[in-house]
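The values are calculated or read from the model by the stated rules, or taken from the named source; none is laboratory data. As the structure is a computational prediction, the values presented were derived from the model and not from experiment. Heads up, the Cβs are rebuilt from the backbone with ideal geometry, glycines too, and the neighbour counts pull from every protein chain shown.
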Amino acid sequence: MYSLWERLQQPFMAERGVVSVFAIPEGAHVLDLCCGDGYYTHMFHSGRASHVIAVDFDSSAIAFARQYHSAPNITYTVCDVRAGIPDGSFDTVIWNGAIEHFTEQEMSAILTSIRRRLKPGGMVAGYTVAAYETGELQLSHHEYEFPSAAALAAFLSKYFEHVRVFESVWPAKPSLGGVKRHNLYFYAGAGILPFDAEWPFQAIASRGC
């Protein structure tokens, strides 16, 4: 991560972790979908959560996560979320850098399952990449990329009462194929979301300043 950061002088690798942390209350019970090698699970999510259940369909990724990114409050499990997500009740569900790997129908089923797993006031948080302005997918193995923040917000609003989507756009770099990096970040749930007026973090920051 730091090697790429130094080479690009663009901190978008850290953005996805920081944005997710804003959605995790201290001591939260967290479900981390499509966790990959567990880097963000360990370095960002587990520091605030009381327990994280982290899942991925790739058994080799989970084996790597258990070896290199383990922590006492993380449980790594092999799970294909298209077949169903783990049972339980969660304060926060993280779906980070993964929704683009699913079809619209699969996303719909997963979001419906997420909504059922959330505790009152809980939320889902995550990030994805926007499609190129030409409509082409950023990566060939992606199933679906939202063309804009508005399109992602409209989709999430079908499943959640409150939705917040924002974006960061980083200039084109030769090492990124000469195209700009366009990230979409989201929070969705039935209660208070980060950056709402009633958001606890914001209230604490206001008093501190």
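Is it the case that some residue within the range 124-144 is modelled with pLDDT of 95 or more, outside any helix (DSSP H, G or I) and loosely packed, with under 15 Cβ neighbours inside 10 Å? The answer is no; no qualifying residue exists. For the range 120-144, name all the residues that are free of Cβ contacts under 8 Å to residues at least 60 places away in the same chain, under 18 Å from VAL163 (Cβ atoms) and not hydroxyl-bearing (Ser, Thr, Tyr). The one that is free of Cβ contacts under 8 Å to residues at least 60 places away in the same chain, under 18 Å from VAL163 (Cβ atoms) and not hydroxyl-bearing (Ser, Thr, Tyr): ALA130. Scanning the range 170-182 turns up no residue that is modelled with pLDDT of 95 or more, more than 12 Å from VAL124 (Cβ to Cβ) and either surrounded by 11 or more Cβ atoms within 10 Å (Cβ to Cβ) or out of contact with any Phe, Trp or Tyr (no Cβ under 7 Å at 6 or more places or on another chain) (or both).
For every residue, the table says whether it meets (1) touching a strand residue (DSSP E or B) at 6+ places or on another chain (Cβ under 6 Å); (2) of a type in the set (Phe, Trp, Tyr).
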{"site": "TYR2", "(1), (2)": "no, yes"}
{"site": "MET13", "(1), (2)": "no, no"}
{"site": "VAL19", "(1), (2)": "yes, no"}
{"site": "LEU31", "(1), (2)": "yes, no"}
{"site": "MET43", "(1), (2)": "no, no"}
{"site": "ASP56", "(1), (2)": "no, no"}
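Here the range 4-29 is the region considered, the condition is being under 12 Å from the mean Cα position of the chain (by Cα) and under 16 Å from SER89 (Cα atoms), and the residue that is surrounded by the most Cβ atoms within 10 Å (Cβ to Cβ) is ALA23.
The residues in the range 49-72 that are exposed (fewer than 15 other Cβ atoms within 10 Å of the Cβ) and closer than 20 Å to ALA23 by Cα can be counted, and the count is 1.
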